[in-house]
Each structure stands twice: as structure tokens, then as C-alpha cells.
Amino acid sequence: MVIDGTLEVELGTAPMLQLTGLRIDNPSWAEAPTMLRIERAEVQIALRPLLERVVLLPRIALQGVSIDLETAADGRHSWQSDARPESGEPLGLPLFGSLSVSDVAIAYRDRQDGREVDVRIAKLVGQPDATSGQIKLDATGDINGNAFELNGSSGSLETALMATAPYPLDLDIRLPGIEGTLKGTIANVARTEGLD
């Protein structure tokens, strides 16, 4: 990992990391030299939930992100390390309080079957509603040049953390060739258990 720009850290129970010019290179066998590049990032992480293996990010703001992923002809993946994986329980899905992402380009190349996928995210916003506490979601972009939209809401951050009540999810999705609604609940979001 290389940071060509600035790095600032605000310490506390939920440290804030602010940086510019982050770069993570691909393995030497990949055609694209860089796997991840972020022009500007602000990421806040709550430390206490980590003790229970829950990743809580109260604030995420990313601008100018490019991701190049590749599967080699021999089946290796550029995003996986060749090192032996560690044993132990994996971390659950990250939970966020405020999310703002813009100008994202994701490219995937499969050298086994020739498949290529290009995803561009113009904006992805998730903000808590002041009245209900639910998180309002809004995203636009395109997949291989075909526009997509995502609008809707999810449960509050407190519901996701406590897992004492089902976490509601209500999304309208418009993908290339597909329009639909995803509506239901998740018993435990961090562990992705109890999908209904």
C-alpha cells in the first residue's frame, strides 16, 4: 500500500482517517499495474464493536476510486494473497452510519473465459433519516454502459448493531434488463444471518 498524498488521523473511540493518493498494486502477473486507487478518503471506524468482530464505520466518504480486478488464465485472483489464509472466524459485513461515494470505476477481467465487466458508480449515498433513524439509500451509475439505479431504505444503525429486532430492507433496483424490489428483513446484519 502506498500513500502518495496526505494522511491524517484523529484519535478517539472512533478514530477518523483522512487521506489522499492511496494506491495498492496488483500482483506482478496481472495486466493492470494497480488494483486500487483512491484520490480522497475519509473513514471513521468504531473500535469497541471490533471486540465482537463487528466492523462499524460511522462515516465513509470516498472520491475518485478506481478498482482493477483480474482472474488469471490459471485461476489465480488478483485480489487474493498467495499466502496461507489465517484460521478463525471472519469479520461480518461492515455497518455504516453515513456513506458518500462518488466517481468510482470498477473493472473486472477474466482471462479464463474472456469476460469483462466495467461498473461506474456516479454516486452512492446512504444517510440516516433524522426522524425515523432509517438509512436512506440512493445510487446511480452504469454496468458496461447500461444505466442502473438503486433507491430505498434500510434499518437504523442501532437495529443493525443490537440485532434485537429484524433489520428492514426496502430497495427499488433498476439494473440493465432488470427492475425489481428487494424487500424483507435480516435477523443479524453483521453476521448476514436470518435473511427473509
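The values are calculated or read from the model by the stated rules, or taken from the named source; none is laboratory data. The structure presented is a predicted model; accordingly, all values stated were derived computationally and were not measured. All Cβ positions, glycine included, derive from the backbone under ideal geometry; neighbour counts span all protein chains shown. To get the accessible areas, we keep the full protein, side chains included, count just its heavy atoms, and leave off ligands, DNA and RNA. Shrake-Rupley method; radii C 1.70, N 1.55, O 1.52, S 1.80 Å.
Of note:
- So E39, is it open to solvent by 40 Å² or more (accessible area, probe 1.4 Å), touching a strand residue (DSSP E or B) at 6+ places or on another chain (Cβ under 7 Å), farther than 15 Å from R59 by Cα and not in a strand (DSSP E or B): no
- Whichever residue in region 42-92 is assigned to a loop (DSSP other than H, G, I, E, B), under 22 Å from L157 (Cβ atoms) and among the hydrophobic types (A, V, I, L, M, F, W, C) and, among such residues, is modelled with the lowest pLDDT: L91
- In region 1-20, of all residues being assigned to a loop (DSSP other than H, G, I, E, B) and over 29 Å from D74 (Cα atoms), the one that is most open to solvent (accessible area, probe 1.4 Å) corresponds to L11.
- Candidates L51, L62: the one that is open to solvent by 80 Å² or more (accessible area, probe 1.4 Å) and either at positive phi or not acidic (D, E) (or both) is L51.
- Checking each residue in region 143-174 for being hydrophobic (A, V, I, L, M, F, W, C), within 18 Å of the chain's Cα centre (by Cα) and assigned to a strand (DSSP E or B) picks out I143, F148, L150, L169, L171, I173.
- Of all residues assigned to region 18-40, none qualifies as being at pLDDT 90 or above, under 24 Å from E149 (Cα atoms) and hydroxyl-bearing (S, T, Y).
- Note on region 182-196: residues that are farther than 13 Å from S154 by Cα, in contact with a strand residue (DSSP E or B) (Cβ under 8 Å, 6 or more places away or on another chain) and either open to solvent by 70 Å² or more (accessible area, probe 1.4 Å) or outside any strand (DSSP E or B) (or both) amount to 5.
- Answer residue from region 21-36, given it is within 18 Å of the chain's Cα centre (by Cα) and over 17 Å from R111 (Cα atoms) and is surrounded by the most Cβ atoms within 10 Å (Cβ to Cβ) among those: L22
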